[in-house]
Amino acid sequence: MDNLIVNNLDNLRKVYFDVKEKTNEILSQYNDKNFLIDPSVNIYAIAKMHDVKIIYVKPEEIGGRHAKLEVKPDGTVIKVNKKDSIEEQRFSIAHDLEHYLKKKADMFKIAESKKIVNSLNKNNLNEIRSAANFRSVNKKIPKQLKIPSTKIAETVSTKLWDKTTAEKAYRAMITVLINSGKKIKKEAIVDATIDELYNEEVADLFAANLLVPTERFLLWADKSDRKIAKVFKVPKSCIKKRRKEIVYELELMTPNKEDVEKGLALLNKSDHTSEDFKDNESTQC
C-alpha cells in the first residue's frame, strides 16, 4: 500500500466508523426492499423521523447555497434551494441532517475562533447576508480580507481522505463571515474556515454513506456512474466520489485481503460511457 493510501486511511479512520455507525442505525429501519431493484434511500422519511421539516425556497433566501439548516425552539427546518435538481436537493438534505444530528460536531475545534476580533464593518456584513450568491459576496469583501482559498483547500486536504476544492474552501469562508456577526481578523478567518471546511467534508461523507451505502453500491458497482446515480437518486458527481471513498472504506472494513480485491475488481469493472466523463454537472458531494 503506498504512502498516499496509508495517509488517507489514517485520516478516514478518524471519522469513518462514527459516520458508519450512525448511518447504519438510521438505515436499519429502511431495509425492507430489494436493493437490486431499488437501492435508493428515502431521505424525506428519515428527515420526518427526526422531526426535521423540509421547505423549498428561492436561492437568494439562503445566500445562493444548496441548503440551510435552522434549529429553533419551535422546530428544526432545512431550507432547500428550489432551483437545484432533485438529486442535489436530496444530497443537501442528507448533508444538513448530519449537522443537525451531530450538532455540528467539530473534529478539530479552534478554541480561539470564539474570541476573534472584528475588522469587518457592519455595512459589509449586511451586504454579505443579503447577497444572492457567493460570487457576488466576494466583490463586497474588503481586499485585505480576501483569503487564498486554494491554500486553505490544500491545508484541509492533508487532513482528509481525498482532495477538497478551492470552491468549497471559498464557500466555507463566506459561511464563516456570515455566521460570525463580528469583525474578524484575517488569521482568525483562515483558522475558522479550515474548521468549517473540514466539518463540511465530514457532513458530505455522512450524506454519501447515507444515500449511497457501501453494501448497496457494491451490488451496482459494475454499472456506469450515470446508471448508478439514477437508481440511487443522487448527482453523478457523488457516484464518482463514492468509487474513490469505497476503496478506502473496504480497506478499513475488510480484514480479508481477498475480499478487498474482489470489491476493488467490482469498482473497476463498471461499464463507463463517454457521458460518465463529462464534468459539466454539479460538484456537490
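Derivation of every value follows stated rules applied to the coordinates shown; laboratory data play no part. Given the structure is predicted, the values throughout are model-derived calculations rather than measurements. Every residue, glycine as well, gets a Cβ built from its backbone with ideal geometry; the counts of neighbours run over all protein chains shown.
Ranked by the mean number of other Cβ atoms within 10 Å of their residues, highest first, the peptides 167-179, 150-162 come out as 167-179, 150-162. Positive-end ranking of Val231, Pro213, Ile178 along the dipole of segment 178-232, with charges on Cβ about the Cα centre, is headed by Val231. Taking a quarter of the surface of the Cα convex hull of segment 11-108 gives a mean projected area of 7.9 nm². Dividing the alpha-carbon radius of gyration of segment 16-68 by the rule-of-thumb value 2.2 N^0.38 Å gives 1.48. Output the pairs from Lys20/Lys82; Lys22/Lys240; Lys58/Lys102; Lys102/Lys244; Lys58/Lys79; Lys58/Lys83 with a Cα-Cα distance over 18 Å in this structure; if there are none, say none. Listed pairs above 18 Å: Lys20/Lys82; Lys22/Lys240; Lys58/Lys102; Lys102/Lys244. Separation of segment 64-89 and segment 20-45, taken as the distance between their Cα centroids, equals 21 angstrom.
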